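**Q** Quick one: structure below, then a few questions.
The values are calculated or read from the model by the stated rules, or taken from the named source; none is laboratory data. Note that the coordinates shown come from a computational prediction; the quantities given were computed from them, not determined experimentally. With ideal geometry, Cβ positions are generated from the backbone for all residues, glycine too; neighbour counts draw on all protein chains shown.
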Amino acid sequence: MKDILVKPLKQLALDDKPMEICERKGLGHPDTICDAIMNEASIELSKEYLKRFGAILHHNLDKGLISAGGSEVAFGGGKMTNKILIVYGDRATFDVGDEHVPVEEIVKRSTKDWFKRNLRFVDPDEHLKYQVEVQPGAASLQDIFARKGRYLGANDTSAAVGYAPYSRMEKLILNVEGHMNSPEFKKRFPESGEDVKIMGFRNCNGVSLTVAQAFVDRYIDSEADYFRKKGEIYDAINSFIKEKSDFDNVEVGFNVLDAEGRGLGGLYLTVLGSSIDTGDSGQVGRGNNVIGVIPLNRPMSSEAAAGKNPVSHVGKIYNLLSYKIAGEICQRVNGVKETYVWLVSAIGQPIDKPAVCSTQVITADGVSLDEITPQIQEVIASEFDRLDEFCMDLANGKVNIK
């Protein structure tokens, strides 16, 4: 491995800056769904390759798309009028010698299982249709998997960046969305759909959150009933924030497009609890970073990690690894206030030998970067020593995209 560069970052840590903007697209948002199901397909395909051949073979399923269906919402429950289309693109290995791998069957089954586990009102047989456009990969990329060695060569020249720790607002947004999609919240408010989107703006120590949540129409009897239940959920969100937040104040706007007196047209109603039933489509790479937020004040990787293979595609491996390394540095090295880890691959070179491995560090007051640099380098080197374990954790879904 080449030199591990440790550089000072001459700026304020994000929590100390006067302004911050951050967003999260929650569990049932179309972009988040698309990332999740394509990554789930990669995990299940990796398991199948391991079971049959003892190794993960070439595949990349990161060109996925969800095209919204059609629905007619109604008080007391509407109906779906058109199915939601799931399109799978890119490449996979279908045949090894005389043995055929049922790629289409695997990706469809993994998608159905994901919906059954995560979205209460989506019946994957009744509400979804599937278009599998996955094709065999290019010979040069498939050949990477036939080469010997502990680590495969990178299948691309690519860059990734990860950071730690979360800012206070990033944690707040993750906690609020997680609470709104928790089993306890759904039991208390069954009308609350899984499609939650939160945009946060921090001005010094004050925060403004704009929260959108799809309502499930079968639990809404009338316009008045909608606004009554909306008020109850709004109060529950604020109570949770009051308990969890240490900001001076947090203002919440909830379903701000709603307009009383306009009937169904003035309400955020869905049949299935997500805008995929009629209002919005989804695409891999348009949503959160791999740790679950869209942090506009931070550098972000341009690669979409979801669906890429976990043993040669650095667009996935380095994307998640950079965040893991950054987190380990903050946990294991005293005096690191904030860190950013940059990894760059060179196509064909073993993935444990990045072309660039650099970390930028903001130290706590009174801490010399020179004193802690050897510890930081040791943390990074130890993570690369265990890179094969990390890749297997990716393959088995033990390290996953949030």
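**Q** Could you count how many residues in region 234-246 are closer than 17 Å to ALA259 by Cα and in contact (Cβ under 8 Å) with a residue 24 or more places away in the chain?
**A** 0
**Q** Right, next: Considering only region 66-92, state which residues are in contact with a helix residue (DSSP H, G or I) (Cβ under 7 Å, 6 or more places away or on another chain) and closer than 22 Å to PRO310 by Cβ.
**A** ILE86, TYR88, ALA92
**Q** Sticking with this one: Might you check whether a residue that is surrounded by fewer than 24 Cβ atoms within 10 Å (Cβ to Cβ), in contact with a strand residue (DSSP E or B) (Cβ under 9 Å, 6 or more places away or on another chain) and modelled with pLDDT of 95 or more occurs anywhere in region 258-268? Can you show your working first?
**A** First pass over region 258-268, keeping only residues surrounded by fewer than 24 Cβ atoms within 10 Å (Cβ to Cβ): 258-268.
Keeping just the survivors that are in contact with a strand residue (DSSP E or B) (Cβ under 9 Å, 6 or more places away or on another chain) gives 267-268.
Subsequent filtering for residues that are modelled with pLDDT of 95 or more retains 267-268.
There is at least one residue in region 258-268 that is surrounded by fewer than 24 Cβ atoms within 10 Å (Cβ to Cβ), in contact with a strand residue (DSSP E or B) (Cβ under 9 Å, 6 or more places away or on another chain) and modelled with pLDDT of 95 or more.
**Q** Select from region 62-95 the residues that are modelled with pLDDT under 95 and more than 26 Å from the chain's Cα centre (by Cα) and write down the one among them that is surrounded by the fewest Cβ atoms within 10 Å (Cβ to Cβ).
**A** Only one residue tops the list, namely ASP95.
**Q** Another question, then. Just to be sure I understand, how many residues within region 92-129 are within 22 Å of ALA395 (Cβ to Cβ), among the hydrophobic types (A, V, I, L, M, F, W, C) and outside any helix (DSSP H, G or I)?
**A** 4
**Q** Working only within region 330-345, note down all residues that are under 24 Å from TYR151 (Cα atoms) and crowded, with 18+ Cβ neighbours inside 10 Å.
**A** If the condition is that a residue be under 24 Å from TYR151 (Cα atoms) and crowded, with 18+ Cβ neighbours inside 10 Å, then VAL341, TRP342, LEU343, SER345 are the ones that fit.
**Q** Something else: Got a sec? Which of VAL122, VAL132 is of a type in the set (Val, Ile, Thr), farther than 20 Å from GLY279 by Cα and modelled with pLDDT of 95 or more?
**A** VAL132
**Q** It is to be established whether one or more residues within region 314-327 are among the basic types (Lys, Arg) and in a helix (DSSP H, G or I).
**A** Yes, some residue in region 314-327 is among the basic types (Lys, Arg) and in a helix (DSSP H, G or I).
**Q** Look through region 96-119, keep the residues that are among the hydrophobic types (A, V, I, L, M, F, W, C) and either farther than 20 Å from LEU272 by Cβ or touching a Ser or Thr at 6+ places or on another chain (Cβ under 7 Å) (or both), and return whichever of them is surrounded by the most Cβ atoms within 10 Å (Cβ to Cβ).
**A** Going through region 96-119, the residues among the hydrophobic types (A, V, I, L, M, F, W, C) turn out to be 96, 101, 103, 106-107, 114-115, 119.
Subsequent filtering for residues that are either farther than 20 Å from LEU272 by Cβ or touching a Ser or Thr at 6+ places or on another chain (Cβ under 7 Å) (or both) retains 96, 101, 103, 106-107, 119.
On the way: VAL96: 13, VAL101: 19, VAL103: 23, ILE106: 18, VAL107: 27, LEU119: 21.
Restricting to residues being among the hydrophobic types (A, V, I, L, M, F, W, C) and either farther than 20 Å from LEU272 by Cβ or touching a Ser or Thr at 6+ places or on another chain (Cβ under 7 Å) (or both), the top hit is VAL107.
**Q** Another one. Looking at ILE376, ILE351, ILE380, ILE347, can you tell me which residue is touching a helix residue (DSSP H, G or I) at 6+ places or on another chain (Cβ under 7 Å) and more than 17 Å from LYS7 (Cα to Cα)?
**A** Step by step, each of ILE376, ILE351, ILE380, ILE347 is checked, and only ILE351 is touching a helix residue (DSSP H, G or I) at 6+ places or on another chain (Cβ under 7 Å) and more than 17 Å from LYS7 (Cα to Cα).
**Q** In region 330-366, what residues are under 18 Å from LEU12 (Cα atoms) and part of a helix (DSSP H, G or I)?
**A** CYS330
**Q** Could I ask something else about it? Would you mention how many residues in region 157-206 are part of a loop (DSSP other than H, G, I, E, B), surrounded by fewer than 19 Cβ atoms within 10 Å (Cβ to Cβ) and acidic (Asp, Glu)?
**A** 0
**Q** Here is a list of conditions, (1) at positive phi; (2) at pLDDT 95 or above, and GLY149 meets all of them except one; can you say which number that is?
**A** Exception for GLY149: condition (2).
**Q** Condition first: surrounded by fewer than 19 Cβ atoms within 10 Å (Cβ to Cβ) and not in a helix (DSSP H, G or I). Can you find one or more residues in region 367-383 that meet it?
**A** Within region 367-383, one or more residues are surrounded by fewer than 19 Cβ atoms within 10 Å (Cβ to Cβ) and not in a helix (DSSP H, G or I).
**Q** Being within 30 Å of PHE247 (Cβ to Cβ) and surrounded by fewer than 24 Cβ atoms within 10 Å (Cβ to Cβ) narrows it down to one of GLU44, GLU23, so name that one.
**A** GLU23
**Q** Shifting gears a bit: Within region 271-315, count every residue that is among the acidic types (Asp, Glu) and either farther than 19 Å from ILE66 by Cα or surrounded by fewer than 24 Cβ atoms within 10 Å (Cβ to Cβ) (or both).
**A** We begin by selecting, within region 271-315, every residue among the acidic types (Asp, Glu); these are 277, 280, 303.
Adding the requirement that they be either farther than 19 Å from ILE66 by Cα or surrounded by fewer than 24 Cβ atoms within 10 Å (Cβ to Cβ) (or both) leaves 280, 303.
Looking only at that region, the number is 2.
**Q** Count, please, the residues in region 69-91 that happen to be aromatic (Phe, Trp, Tyr) and in a loop (DSSP other than H, G, I, E, B). Before you say what the answer is, go through the steps one by one.
**A** Step one: filter region 69-91 for residues aromatic (Phe, Trp, Tyr), giving 75, 88.
Next cut, in a loop (DSSP other than H, G, I, E, B) only: 75.
Count: 1.
**Q** Hey, ASP35 hits all of (1) out of contact with any helix residue (DSSP H, G or I) (no Cβ under 9 Å at 6 or more places or on another chain); (2) in a strand (DSSP E or B); (3) closer than 30 Å to GLY137 by Cβ but one; which does it fall short on?
**A** Looking at each condition in turn, ASP35 falls short on (2).
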